[in-house]
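Input: a single structure, listed below in structure tokens.
The values are calculated or read from the model by the stated rules, or taken from the named source; none is laboratory data. Please read these numbers as outputs of a predicted model, since none were measured by experiment. Reconstructed Cβ throughout: ideal geometry from the backbone, glycine too, with neighbour counts over all protein chains shown.
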Amino acid sequence: MSWQTLDVAVQAGVATITLNRPDVRNAFNETTIAEITQVFGELGKDVALRAIVLAANGPAFCAGADLNWMKKMAGYTHEENRADAVQLADMLRTIYTCPKPVVAKIQGDCYAGGMGLVAACDISIAVETTYFCLSEVKLGLIPATISPYVIKAMGENAARRYFLTAERFSAQEAQRIGFVHSVVSADALDGAVADVVKALVSNSPHAVKEAKRLVQDVAGRPLSDALIADTAVRIADIRSSEEGKEGVRSFLEKRKPGWLG
């Protein structure tokens, strides 16, 4: 398909979705939101696909909302603002719930809504010179729509600081608070992402999908009889699945599992 704000490439079972508005630091507007929602929805259904990389062209990963889009929103009614926010929320949820593992490849600064994009991904790797910022309060706004994902990623304590101060913070600080998993040099970014993708595609596709859902469903739940019962059902289901049986057989027979070809 043809995309106005993205580049999308698929090779050897791995899709790379690249934000492609470098002239505005990959700030997103309603078109970007619609395209990201659509492409993640479509790729999530592709049985041949094993992983997705979310990347960006230019010096910045994402500067948040496009200024022209924000000017347009300034004249919206409350209902129009709500409808607009729902579209952004749907985009983030589509990334977060995508059945495929998603890796954020952060080559440059990441602000406001861009941090929501990263937080909705499963794994995030940033260049060491990257800066992050939740800048909304400087504009009289709050990071409401992205907050479920950003707070999950950085934790409540860090969110209390950075939601309120709108301070820029470094990639090293982002890693310290858990917002990103790895920080590397610019020269090492491609290799670091490739290593993670290689690990992902070496594993059982069905198990990776279910492991992603397991984290989302179990995180934050109280330890209860219902949770214990749920996890018991999940392991029973995966053990009796075709890939579960094949994985155990291949291990015992000291051979590669079928999903590796």
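General observations
For (1) small (Gly, Ala, Ser); (2) exposed (fewer than 14 other Cβ atoms within 10 Å of the Cβ); (3) in contact (Cβ under 8 Å) with a residue 60 or more places away in the chain, each residue gets a yes or a no:
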| site | (1), (2), (3) |
| --- | --- |
| Val180 | no, no, yes |
| Val184 | no, no, no |
| Ala188 | yes, no, no |
| Val193 | no, no, yes |
| Val196 | no, no, yes |
| Ser202 | yes, yes, no |
| Pro205 | no, no, yes |
| Val208 | no, no, yes |
| Leu214 | no, no, no |
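- Residue in region 249-258 that is under 20 Å from Gly13 (Cβ atoms) and touching a residue at least 40 places away in the same chain (Cβ under 8 Å) present: yes
- Among all positions in region 220-237, there is at least one residue which is under 25 Å from the mean Cα position of the chain (by Cα) and either modelled with pLDDT of 95 or more or assigned to a helix (DSSP H, G or I) (or both).
- Within region 1-38, the set of residues being polar (S, T, N, Q), under 15 Å from Gly113 (Cβ atoms) and more than 17 Å from the chain's Cα centre (by Cα) comprises Thr5, Asn29, Thr31.
- Among the residues making up region 74-93, those that are out of contact with any Ser or Thr (no Cβ under 8 Å at 6 or more places or on another chain) and either among the β-branched types (Val, Ile, Thr) or surrounded by 14 or more Cβ atoms within 10 Å (Cβ to Cβ) (or both) are Thr77, Asp84, Val86, Arg93.
- Single match in Ala119, Ala171, Ala194 (criterion: assigned by TED's automatic domain parsing to the domain that holds Asp84 and in contact with an Asp or Glu (Cβ under 9 Å, 6 or more places away or on another chain)): Ala171
- Restricting Cys62, Cys98 to residues that are closer than 16 Å to Pro143 by Cβ, surrounded by 13 or more Cβ atoms within 10 Å (Cβ to Cβ), not assigned by TED's automatic domain parsing to the domain that holds Leu214 and not aliphatic (A, V, I, L, M) narrows the list to Cys62.
- Candidate set from region 1-59 (those that are among the hydrophobic types (A, V, I, L, M, F, W, C) and assigned to a helix (DSSP H, G or I)); member that is surrounded by the fewest Cβ atoms within 10 Å (Cβ to Cβ): Ala34
- Residue within region 159-177 that is free of Cβ contacts under 8 Å to residues at least 60 places away in the same chain, touching a Ser or Thr at 6+ places or on another chain (Cβ under 6 Å) and of a type in the set (Phe, Trp, Tyr) present: no
- Selection count, region 140-158, where residues are touching a residue at least 60 places away in the same chain (Cβ under 8 Å) and surrounded by fewer than 17 Cβ atoms within 10 Å (Cβ to Cβ): 0
- All helices (runs of 4 or more DSSP H) inside region 119-194 with 1 or more residues being among the hydroxyl-bearing types (Ser, Thr, Tyr), farther than 27 Å from Arg50 by Cα and modelled with pLDDT of 95 or more: 147-154, 156-165
- For region 159-174, filtering for residues that are among the polar types (S, T, N, Q) and crowded, with 17+ Cβ neighbours inside 10 Å leaves 0.
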